[in-house]
Structure formats: structure tokens, C-alpha cells
1. Only one of 207, 175, 182 is surrounded by fewer than 23 Cβ atoms within 10 Å (Cβ to Cβ) and outside any loop (DSSP other than H, G, I, E, B). Can you tell me which?
2. What's the total number of residues in the range 222-243 that are touching a Ser or Thr at 6+ places or on another chain (Cβ under 9 Å), crowded, with 20+ Cβ neighbours inside 10 Å and either under 21 Å from residue 298 (Cβ atoms) or not small (Gly, Ala, Ser) (or both)?
3. Considering only the range 125-167, how many residues are in a loop (DSSP other than H, G, I, E, B) and over 15 Å from residue 185 (Cα atoms)?
4. Given the condition within 30 Å of residue 158 (Cβ to Cβ), in contact (Cβ under 8 Å) with a residue 60 or more places away in the chain, in a loop (DSSP other than H, G, I, E, B) and out of contact with any strand residue (DSSP E or B) (no Cβ under 6 Å at 6 or more places or on another chain), answer yes or no: does some residue in the range 61-83 qualify?
5. Considering only the range 297-322, state which residues are part of a loop (DSSP other than H, G, I, E, B) and surrounded by 18 or more Cβ atoms within 10 Å (Cβ to Cβ).
6. Report yes if residue 369 is under 23 Å from residue 9 (Cα atoms) and either in contact (Cβ under 8 Å) with a residue 40 or more places away in the chain or surrounded by 14 or more Cβ atoms within 10 Å (Cβ to Cβ) (or both), otherwise no.
Amino acid sequence: MNGSNSDRAYWLTVLERIARPLLEAGAVGELRARMPIEHRPESTDRHRFAHLEAVGRLLCGIAPWLELEGLCGPEEARRAELAELSRRTIAFGVDPDSPDFFNFSYDYQPIVDAAFLAQSFLRAPNTLWQPLSDKTKAQVLDGLRATRTRKPGFSNWLLFGGEIEAFLYTVGAPDWDPMRVDYALRQHAQWYVGDGHYSDGVEFHWDYYNSFVIQPMLIDVLTAVRGVYAQWDVMMPAVQERATRYAAVQERLISPEGTYPAIGRSLAYRFGAFQSLAQSALLHSLPEEVTPGQVRAALTAVIRRQMEAPGTFDADGWLTVGFCGHQPGIGETYICTGSLYLCAAGLLPLGLPPSDPFWADPPAMWTSQKAWGGVDMPTDHALGH
């Protein structure tokens, strides 16, 4: 097996290691019974949110792979099995009579994770949405609509409402709310601060929320509502250009050793911090100077550093709070076991077939390896310069 195919095999092993305990429990209605909920001692309500958190975040990351057609052999067998487990998990989670019924209506956190669930459906409509029964589909829509009773924060949270409404539009819901979409899009346009970066609300924050939420959801929402309003369509070129520049920045953040700056909040999402770079690879929108082979090599190095760290998983295979291993001190008050599954968003390129250059090209040195290895390289320039 060549190096590129061995990378894909490793990524698939990581995907299955992350996903299988969760989906095997959820598919039989035992997610609440089996999933531990690690959290800060003062955060006594995380059990109310952890299960929708875990499912929405996991599925938004593995959805492109679940949607991938044309696979064969063992990988296709794994994909088909996990797709079926995912659909069963969703069905139990949205059924009010199920012991695993998700919380869509209490407090504010469900606004976030209902949006990740909606993002999952947008990324895998033929696998995660269409095969659901009419009853389950209606229950999903009821759950998403239930999040409208609370006001999201004046921050990246505006995109959660936009994501939900964009999905409702794609399935023909007559009550979808274009105002929530418009507000999220226009406000983030005002929050653009330059060189591929948005502020998270009024002030800029040094963290990874441009990747966790902002850049990917802007692209997904605009893709979903394409053609509805000309004012939205004209936003896409700038949003895409900024995301491509941000992907260049993210690739440069990966050190020669496969580490990256532990800066900002939500570090327990681990390599989910590179969702934007991963999405750019998935959509074939990487910068011209950044090759698929170097992105795959860089992301593989990061994933290995974090997934292989001792203590990353507990004895039963569930993720633990930490950045590189088990580090409960870095978990904010809103972090619990369910939150951690956003790391799966770093696996988006698995939605590309094995023949795609991302997987087929030989591994290449990434930018930091060249820079610190004395390899000649071009200069870096801000967007528009």
C-alpha cells in the first residue's frame, strides 16, 4: 500500500474509532445509557445537551463520506453500516417517546447542535435525510423548529439559525425563515476584518471559530440557498475567496512536527480546528500554492499527534476532554463529552474518492516543513496584496 492510500486507511480507522461507540449506542436507543458525560464540576446541566451535541457534531464531519458513492470492498461495507447506524441514531434521537430523545427546546445550547445536525443533512441529503421515514422526517423538522423560541447570541451563533433555516428551505418547508438567513449572512459580511478572517461578533478573537463555524457555515448556507435571492448569490465569490485565503493560513499554522498553536477557546475540539482547511480540500478550493498532497500530509500529522496521545479515549472508547490527551482543565464550562465530537469535522476530505488527488497524490512537504527545512519557497501575501 502506497503512502497516500495508507493515509486514507488511517483516517478511516480514526473515523471508525471516534464514531462507532456513539453510533452503536445510538442505533439501539442506548446513547443516554452508555455515553459518559465528562464536564467541569460547576457545569451541572451538561447532561441536558450532550447527546444532541455528540450526534450533530459527529455527523456533520462524517457526512461527506457517508454520502460518497462508488466505493467498493471493505470501505463500502463500513460506510453502509455506519450510514445505517447513523439513521437509526437520528430516529431514536428525534422521537419524543424514545429514551434518547434529544433536547431541542431547553436553554440555548440546542440552537448550536441542531444547526450541526442540519449541516449534516445538507452535506449528506441522499444518505442521512432521504431514507428516513416520513414520521422521522417530521420529527426532525419539529425539533429544528423548536430552536426558534430563543434568541442566539450576537456572534457566530447567528449562523446556527441561518443553517437551520437553509436546510428547511432545501426540503421545501413552507415556513422557512429567510430573515434568519439574511441576518446571519449580512452581519458576517460586516464582521469581515480582512485577510480571510471574520471577527466573532463585534471584536476579533484569536481562536479557531473561523474554522469551527464561520467559514464552513457561510459556504454551506450560501450553497443551500443558491438562486433564492440575487443579493445572496453575489456574496458567494467573496466568501469563497476569503475561505481559500483562510485555508492558506491554516495550512501554515501546522508545524513541521504536526502541532499547531494551542490558542483560544474550545481547544477540546482538537483537529476540528481545521474544518475550514478540510472543507477547502473537499470542495477543491485550496489556494493555488497549496497542493492536495501537502494538505493531506499536514492534516495526517495533526490527527496522529492528537488521536495517538495517551488518554484521548477512555476505556470504553469515548473521547475525553483534552487537546493532546486527557486535559480536563482546558474544558470550558460549556464543554462536555458530547462537545468533543466536533473533531470529526477535520475528516471532511474522506468525502473525496480514493482516486482524487487529495488521496492519490504522493505526500508532499507542507509549508512549515519547507520553511524550517531551508527549502526555497515563495513569499506569503495578504488577500488582495
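1. Matching residue, one of 207, 175, 182: 182.
2. Within the range 222-243, residues that are touching a Ser or Thr at 6+ places or on another chain (Cβ under 9 Å), crowded, with 20+ Cβ neighbours inside 10 Å and either under 21 Å from residue 298 (Cβ atoms) or not small (Gly, Ala, Ser) (or both) number 2.
3. 6
4. Checked the range 61-83: no residue is within 30 Å of residue 158 (Cβ to Cβ), in contact (Cβ under 8 Å) with a residue 60 or more places away in the chain, in a loop (DSSP other than H, G, I, E, B) and out of contact with any strand residue (DSSP E or B) (no Cβ under 6 Å at 6 or more places or on another chain).
5. Here is the first cut: in the range 297-322, the residues part of a loop (DSSP other than H, G, I, E, B) are 308-312, 314-318, 320-322.
Across the range 297-322, the qualifying residues are 312, 318, 320, 321, 322.
6. It is false that residue 369 is under 23 Å from residue 9 (Cα atoms) and either in contact (Cβ under 8 Å) with a residue 40 or more places away in the chain or surrounded by 14 or more Cβ atoms within 10 Å (Cβ to Cβ) (or both).
Quick grid of which residues meet (1) touching a residue at least 40 places away in the same chain (Cβ under 8 Å); (2) in contact with a strand residue (DSSP E or B) (Cβ under 9 Å, 6 or more places away or on another chain); (3) among the aliphatic types (A, V, I, L, M); (4) not in a helix (DSSP H, G or I):
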position	(1), (2), (3), (4)
227	no, no, no, yes
232	yes, no, no, no
237	no, no, no, no
245	yes, yes, no, no
252	yes, no, no, no
256	yes, no, no, yes
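Every number in this text was worked out from the coordinates using simple rules, so none of it is lab data. All figures in this text were calculated on a predicted structure; none of them were measured in a lab. Here the Cβ is made from the backbone with ideal geometry for all residues, glycine too, and neighbour counts use every protein chain on show.
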